[in-house]
Amino acid sequence: MAKGTIVKRGKNSWRLKFDISPDPVSGNRRTKYATFKGGKREAENELARLIARANEGLNIAPGKLLFGDFLIQWLENNIKPSVRANTYEGYEINIRKHIAPRLGNIPLKDLTALHIQEYYTQMAKAGRSDGKGGLSAQTIVHHHRRIKQALKHALNARLISYNPSDAVTPPKVTKDEIVVLSRQELLTMLESLSKLRIRNIVFLAASTGMRRSELLGLRWCDVDMDGGYLTVNQDLQQTNEHGLQFTAPKTKSSRRKIAIPSPTTAMLKKWKVKQDQEHLKLGAGKDTKRLVFTRRDGEPYSPRAISKEFERLIAAMDITQITLHGLRHTHISHLLRDNVNVKVVSARAGHASASITLDIYGHLIDNMDEAAAASVGRWFSANEDV
């Protein structure tokens, strides 16, 4: 929120000082000044009016508003209050690190489709901040979505007469092949991790398809070992600004009940006994959230640290190289290959609809067509005269 001060300069003359949006490139605070003639009460009212306009992003006349200034105002006033911290951080990185430094000095009303298309071309050639080449097509598509979303807001606010991003074609994204472990590789991996603390996280990831944030946010009160299921009620997010944060699931479909097989239940029971013993040694006050997975000191795991640890361990194994998220792909892929109903798989994965599951894993369904034909063929194999 913008702040301001009043300083008396002379008889019935006041200097008004107030903040406006941060610089779109550096992020540094910027200050504006104004002179007001009149009494102190009137000067205070004028300052309040200017601050209100600054908070609404109206401190710059539309004709002079730079695209970068508009983006920062849009981020602060429209995006930040409506999304989770980790989502906002993704928006902010895209805009402050890439979009604003290259397009930010163009007046909003003068921004054209050509400017945006040239930006995408530059990013594809040399957009990486480390100087090692261009950004991927997928990353540029993310930038396109941010720009398009922001300009749609500008159009609705009548700051521009049309949305130039509508005339821009972002690069086509080629879907990467989903990498999964075979069942034998899965068993090999679990055996290799048998003496390590991370094994239990890996086991639950592979047997439920839960996301990393859901695994690390899982509490014992969300696990019904007698009933054979667990419930996803919170997740653990990590951002540079706020560190670790427990949040509600992002969507309604993410808050779900997942049935767990008996080997998983047995693992959890054994792990809980060991964890309880550790907490007794640590003393009261540790892990008051009663998380299923914690470090030895009772504190939550860092999502980023656990992913790096997993990838380091996997690199030393003679199996397909995957990420921790790859265990989710492995779980879903094997369920589909086992002909589990796609609606059941979708609900288990926490997808909003079966169409999302099919969009990601549809190639597996396509490959089942030959098996389906063979199955139908067996109906008639006993009587070739049919």
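A few comments on the model shown:
- Residues located in the stretch 75-106, provided they are among the hydrophobic types (A, V, I, L, M, F, W, C) and in a loop (DSSP other than H, G, I, E, B): VAL83, ILE106
- Test: residue in the stretch 221-240 that is surrounded by fewer than 13 Cβ atoms within 10 Å (Cβ to Cβ) and within 21 Å of ILE106 (Cβ to Cβ): no
- Screening ALA85 against (1) touching a residue at least 60 places away in the same chain (Cβ under 8 Å); (2) farther than 28 Å from ARG212 by Cα; (3) small (Gly, Ala, Ser) leaves a single unmet condition, (2).
- Apart from one condition, ASN94 fits all of (1) loosely packed, with under 15 Cβ neighbours inside 10 Å; (2) within 25 Å of the chain's Cα centre (by Cα); the exception is (1).
- Selection count where residues are modelled with pLDDT of 90 or more and buried (at least 18 other Cβ atoms within 10 Å of the Cβ), scope the stretch 287-297: 4
- Answer from ARG158, ARG128 - the residue that is charged (D, E, K, R), outside any helix (DSSP H, G or I), farther than 30 Å from THR320 by Cα and not assigned by TED's automatic domain parsing to the domain that holds HIS242: ARG158
- Checklist (1) within 21 Å of ALA248 (Cβ to Cβ); (2) under 23 Å from the mean Cα position of the chain (by Cα); (3) not in a loop (DSSP other than H, G, I, E, B) applied to MET210, failing item: (3)
- Taking the stretch 298-386 as the region of interest, the helices (runs of 4 or more DSSP H) fully inside it that hold 3 or more residues being surrounded by 11 or more Cβ atoms within 10 Å (Cβ to Cβ) and modelled with pLDDT of 95 or more are 303-315, 324-337, 342-349.
- The stretch 192-207, subset part of a loop (DSSP other than H, G, I, E, B) and free of Cβ contacts under 8 Å to residues at least 40 places away in the same chain, residue farthest from ILE260 (Cα to Cα): LYS195
- Members of the stretch 226-244 found to be free of Cβ contacts under 8 Å to residues at least 60 places away in the same chain, under 15 Å from ALA85 (Cα atoms) and not in a loop (DSSP other than H, G, I, E, B), listed by number: ASP235, GLY243, LEU244
The values are calculated or read from the model by the stated rules, or taken from the named source; none is laboratory data. It should be emphasised that the depicted structure is a prediction, and the values quoted were computed from it without experimental measurement. All Cβ positions, even for glycine, are placed from backbone atoms using ideal geometry, and neighbour counts span all protein chains on display.
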